[in-house]
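**Q** Handing you a structure now.
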Amino acid sequence: MSLCYTSNFISLNHQKSLSLTFSSDSPRFINLFSVKHRKPHHPIKFTAERFKLFASLTSSPPTETAPSSYRSKSPKDVNVLVVGSTGYIGNYVVRELVKRGFNVTAIARERSGIRGSVDKDQTLNQLRGANVCFSDVTNLDAFEGSLNSLGNSFDVVVSCLASRNGGVKDSWKIDYEATRNSLVAGRKRGASHFVLLSAICVQKPLLEFQRAKLKFEDELMKLAEEDGGFSYSIVRPTAFFKSLGGQVELVKDGKPYVMFGDGKLCACKPISESDLASFIVDCVLSEDKINKVLPIGGPGKALTPLEQGEILFRLLGKEPKFLKVPIGIMDFAIGVLDFLVKVFPSLEDAAEFGKIGRYYAAESMLLLDPETGEYSAEKTPSYGNDTLEEFFARVLREGMAGQELGEQTIF
């Protein structure tokens, strides 16, 4: 059935699965809760050769292709299908498309938001100006039935789909299968360009959601190579503001800023949701973004966790107070989980969540230079005007309302 309408320290939580919590109040507790049964999964071994292969994808040259005829049209005559429209970035993408005058069809779940907290009426209000169609993009037959009821053709598909929790099964269901469904359905209805919201961290794929995203990216590129009338833009953003804001209110309340090691293990050029949405919408018509992988960060220099904490204390007018945690704590936890999953396969997602936390604690969200094998702040493109300091200042005034991290929190 479908209904269509017109108009740093790590706290990693997942409902019915794992709670892995470290805090300045209780730094020695690790709690494991039961998870649903999953089939055994054998991760891909990461080798130097594979590293070079994926690093080389970060700045792919454009493939020769004739610009699609839709680009000569006025935005009001360009039909854009958006999937993942109720997500953190998707919501802003829909607003930006509507603002620029495109004819937007937004696919939404009947209940969206954190743990389904947003109902249909709220979704219609959030996505006003777009044609909202409630459907299930994970079910291709149901999804195509919904699109058939609309009777529309499309020029462009914009996918902002992303796994809700990063678990093994959910990653493949959303980051690969559902995203592929949107490509198949869009192509059947005339779409000649596909804009994909991916992630810069797929350059070094150690996690399941990264491998799922890369598999779809690869298929998208091959399709464009085989069909000169089809094109893509793959957007790989760095860290989002909200993923760095989880400690703001804790520090405001007098708690220390928590970081791994010396706070310099990693760095990022964070980008705001509105700036990223603007860049994604640029990809709809910009011919210089055709058939390219586009890493993108926010304005200004790359920031380490240490520098992020210093900004926060400066805004508060407080003397910096840091809690430095050895990265080995995460390595120990992951080792335990990897051992347990061999005996209890149902702990597969728990082990994956631990690896996600470890990854973001130590890996930079910057362009991975294929020549040096090192992350490069200088080679990571910048876009937009919003800064992390402005975001921190706003959260200090107004709180994190609208920026909730949901089922997982990673610093």
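**Q** I'd like the full set of residues that are open to solvent by 20 Å² or more (accessible area, probe 1.4 Å), in a loop (DSSP other than H, G, I, E, B) and in contact with a strand residue (DSSP E or B) (Cβ under 6 Å, 6 or more places away or on another chain), limited to region 364-383.
**A** If the condition is that a residue be open to solvent by 20 Å² or more (accessible area, probe 1.4 Å), in a loop (DSSP other than H, G, I, E, B) and in contact with a strand residue (DSSP E or B) (Cβ under 6 Å, 6 or more places away or on another chain), then Lys379, Pro381, Tyr383 are the ones that fit.
**Q** Going through region 246-266 one residue at a time, which ones are farther than 26 Å from Glu374 by Cα and either among the basic types (Lys, Arg) or open to solvent by 10 Å² or more (accessible area, probe 1.4 Å) (or both)?
**A** If the condition is that a residue be farther than 26 Å from Glu374 by Cα and either among the basic types (Lys, Arg) or open to solvent by 10 Å² or more (accessible area, probe 1.4 Å) (or both), then Gly246, Glu249, Leu250, Lys252, Asp253, Gly254, Lys255, Pro256 are the ones that fit.
**Q** Looking at region 115-130, which of its residues are at pLDDT below 95 and surrounded by 18 or more Cβ atoms within 10 Å (Cβ to Cβ)?
**A** If the condition is that a residue be at pLDDT below 95 and surrounded by 18 or more Cβ atoms within 10 Å (Cβ to Cβ), then Val118, Thr123, Gln126, Leu127 are the ones that fit.
**Q** Also, I was wondering about something else. Could you check Ser243 against (1) of a type outside the set (Val, Ile, Thr); (2) over 13 Å from the mean Cα position of the chain (by Cα); (3) surrounded by fewer than 21 Cβ atoms within 10 Å (Cβ to Cβ); (4) under 21 Å from Leu294 (Cβ atoms) and say which number it fails?
**A** Evaluating Ser243 over (1) of a type outside the set (Val, Ile, Thr); (2) over 13 Å from the mean Cα position of the chain (by Cα); (3) surrounded by fewer than 21 Cβ atoms within 10 Å (Cβ to Cβ); (4) under 21 Å from Leu294 (Cβ atoms) leaves (2) as the failure.
**Q** Sticking with this structure for a sec: If you scan region 85-111, which residues turn out to be assigned to a loop (DSSP other than H, G, I, E, B) and out of contact with any Cys (no Cβ under 6 Å at 6 or more places or on another chain)?
**A** Ser85, Thr86, Tyr88, Arg100, Gly101, Phe102, Arg109, Glu110, Arg111
**Q** May I ask you to list the residues in region 274-291 that are open to solvent by 10 Å² or more (accessible area, probe 1.4 Å), closer than 30 Å to Gly357 by Cβ and out of contact with any Asp or Glu (no Cβ under 9 Å at 6 or more places or on another chain)?
**A** The one that is open to solvent by 10 Å² or more (accessible area, probe 1.4 Å), closer than 30 Å to Gly357 by Cβ and out of contact with any Asp or Glu (no Cβ under 9 Å at 6 or more places or on another chain): Phe279.
**Q** Out of Ala350, Ala361, report the one residue that is more than 25 Å from Val235 (Cα to Cα) and surrounded by 19 or more Cβ atoms within 10 Å (Cβ to Cβ).
**A** Going through Ala350, Ala361 in turn, the sole match is Ala350.
**Q** Further question: Report yes if Thr105 is out of contact with any His (no Cβ under 7 Å at 6 or more places or on another chain) and at pLDDT below 95, otherwise no.
**A** Against the criterion (out of contact with any His (no Cβ under 7 Å at 6 or more places or on another chain) and at pLDDT below 95), Thr105 does not qualify.
**Q** Just one of Ser68, Ser149, Ser74, Ser135 is at pLDDT 60 or above and either of a type in the set (Val, Ile, Thr) or within 26 Å of Lys213 (Cβ to Cβ) (or both); which is it?
**A** Ser135
**Q** When you scan region 194-233, how many residues do you find that are over 28 Å from Thr372 (Cα atoms) and in contact with a Cys (Cβ under 8 Å, 6 or more places away or on another chain)?
**A** The qualifying residues number 1.
**Q** Could you figure out which of (1) under 23 Å from Glu110 (Cα atoms); (2) open to solvent by less than 10 Å² (accessible area, probe 1.4 Å); (3) part of a helix (DSSP H, G or I) isn't true of Phe154?
**A** If we test Phe154 against (1) under 23 Å from Glu110 (Cα atoms); (2) open to solvent by less than 10 Å² (accessible area, probe 1.4 Å); (3) part of a helix (DSSP H, G or I), just (3) comes out false.
**Q** Going by the conditions given, is Phe209 farther than 22 Å from Lys321 by Cα, at pLDDT below 95 and buried (at least 18 other Cβ atoms within 10 Å of the Cβ)?
**A** No: the conditions fail for Phe209.
**Q** Quick check on my filter: what residues within region 296-324 are open to solvent by less than 60 Å² (accessible area, probe 1.4 Å) and either assigned to a loop (DSSP other than H, G, I, E, B) or at pLDDT below 95 (or both)?
**A** Matches in region 296-324: Gly298, Pro299, Gly300, Ala302, Thr304.
**Q** Kindly check whether there is at least one residue in region 193-201 that is of a type in the set (S, T, N, Q) and either at positive phi or touching a Phe, Trp or Tyr at 6+ places or on another chain (Cβ under 8 Å) (or both).
**A** no
The values are calculated or read from the model by the stated rules, or taken from the named source; none is laboratory data. Every value quoted in this text rests on a predicted model; they were computed, and no experiment measured them. Here the Cβ is made from the backbone with ideal geometry for all residues, glycine too, and neighbour counts use every protein chain on show. To get the accessible areas, we keep the full protein, side chains included, count just its heavy atoms, and leave off ligands, DNA and RNA. Shrake-Rupley method; radii C 1.70, N 1.55, O 1.52, S 1.80 Å.
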